[in-house]
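Beneath this line is the structure, given in structure tokens, with notes to follow.
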Amino acid sequence: MVSIANSNPEYILRDIVSSLSVKLKTIDPKSIDAAFVSWIYPKGREDIGAERPIDLLTSNYTHVAHLGYLIDIAPAEHAQLLNELKDGLNRMSLRPTTVMGSPAAFCSDAVAIFGIALGATRIGEETLLAIRNWMRSFPNLADTNIPSWKKTLISGAYGILGNSDRTDHYPPKNQASDMQLALSSRGIVGFSEIDFEQAYHTVCNGAIYEQDDFSVMGARLQAIDYLTNHLPAISLSQPSIDQIAKLLNNVTSAFRRWSWEEKAKTSTSTVQRWDLQNEYHVQNILYFLLAPIFPDIESEFYLENTGQLNPRADIGLPSLNLIIEVKFLRKTKNFQNMLEEIAADNTLYFKEDSVYKEKYTNMLVFLWDDTNRDHEHIIFKNGVNSFKNVVESVVISRPGFMNSPFSRESAPQKTRKTPK
């Protein structure tokens, strides 16, 4: 199994989302599948446009479940359907759960059973109690051949009804984890701790083998959305260069808690403004982020001489064969100057006969744009990424709230190459 740490989940998941989203657009908006997908995957509701069933019958369990989803999604919009839902649920609670000694068909219809449970919790009181007791009498289907995702969904229905004693449908931990993750993300509790690694691989592999089932697609898309927003940017045990780039691209989110005060926070402290005035300050931030993860980190280290030049790299991660080169763009410079500096550094750092060629083979460029020239970032990154040995580039603009109390243009810049 390929670990999340050694893959690029962001791109893999993005491709799966694109493929599944196209397929979901073909769903019949009047079907119960459309209602379920709209409930489990809120982001897709507009594209799916779930509607009420045709020729609504409160004696039809599928229609009753369909109403359960629609009313739970938009109670105010579908308030006029509450009486039909209540009538249908009360009818359902009287139906026998076995037919000639075998489980009734609806007992294994996971999508319908879950919708009925949602509807019962929405109506509440006697109706909820009746549906709870009715579902408690369902035959044990744990040993049947229904798919694991359906067992998970039925277990979710038991959970929201309060039938915690019905655990016979609960699938093994290593199965249907994408459905478990989707349900958990929608507030359905009662599942054991989710294995994110297993969920990730179930999502990736399952998208290939179960893509004809709309309900599974919807759950998988919701699981992907949850994974995308909850997976850590970096693995602490096996970090990769791609993850380092993702971490550094997310640095801007950390500035939400950056100290830039108008007045002192306490009576015993002074006003703090953690200004970044030069390249050294930016290096300090990156070192602060990476040092706890990489015990082999190097900072401001010299490489071999080239003539009268003694090149010095900013940050090194030998375990990833990676040099991180930091640049600081002031108003007195332009992106062309930065490209020229990086090209010169690249030539000096990665000479073909270098004694360091086994230790360092890649470079990541981190540019702090102190001028907020955002419109030039993409062009700059395309240029940097075209250089040999450059594996990634990150450009971060100075946050808008960090208005400088002095002119940094006059501050000295770091000398990149020092004479012997």
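Below are the figures for this structure:
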| item | result |
| --- | --- |
| Spin-label model distance (nm) - residue 402 vs residue 358, 7 Å beyond Cα toward Cβ | 4.0 |
| Most to least packed among 115-126, 286-297, 340-351, 94-105 [average Cβ atoms within 10 Å] | 115-126, 340-351, 286-297, 94-105 |
| Fewest-first ranking of 135, 179, using other Cβ atoms within 10 Å as the exposure measure | 135, 179 |
| Neighbour-count order for 201, 375, 281, 63, fewest beta carbons within 10 angstrom listed first | 375, 281, 201, 63 |
| Segment 249-419: relative contact order as a whole-number percent, Cα under 8 Å and 6+ apart | 23 |
| Segment 1-136, dipole about Cα centre (Lys/Arg Cβ +1, Asp/Glu Cβ -1), debye to the nearest 20 | 240 |
| Extension gain from residue 374 to residue 57, taking 0.36 nm per residue of separation minus the Cα-Cα distance | 108.4 nm |
| Estimated vicinal HN-Hα couplings, Hz - segment 370-382 in sequence order (Karplus 6.51, -1.76, 1.60; Gly, Pro = x) | 7, 10, 6, 8, 4, 5, 9, 5, 5, 4, 4, 5, 4 |
| Ratio of Rg to Rh over segment 249-419 (Cα coordinates, Kirkwood Rh, two decimals) | 0.99 |
| For segment 103-145, convex hull of alpha carbons as volume per residue, Å³ | 65 |
| Length-normalised contact order of segment 1-135 in % [C-alpha pairs under 8 Å, at least 6 apart] | 22 |
| Share of Cα-Cα pairs in segment 79-158 lying beyond 19 Å, as whole percent | 34 |
| Distance violations [Cα-Cα > 26 Å] among 351/381; 331/359; 357/381; 263/331; 327/357 | 331/359; 263/331 |
| Estimated FRET transfer efficiency (residue 238, residue 260; beta-carbon r; R0 25 Å; 0.05) | 0.10 |
| Residues 302, 61, 226 arranged by fewest to most Cβ contacts within 10 Å | 302, 226, 61 |
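Only the coordinates and a few stated rules stand behind these numbers; no lab work does. Every value quoted in this text rests on a predicted model; they were computed, and no experiment measured them. Heads up, the Cβs are rebuilt from the backbone with ideal geometry, glycines too, and the neighbour counts pull from every protein chain shown.
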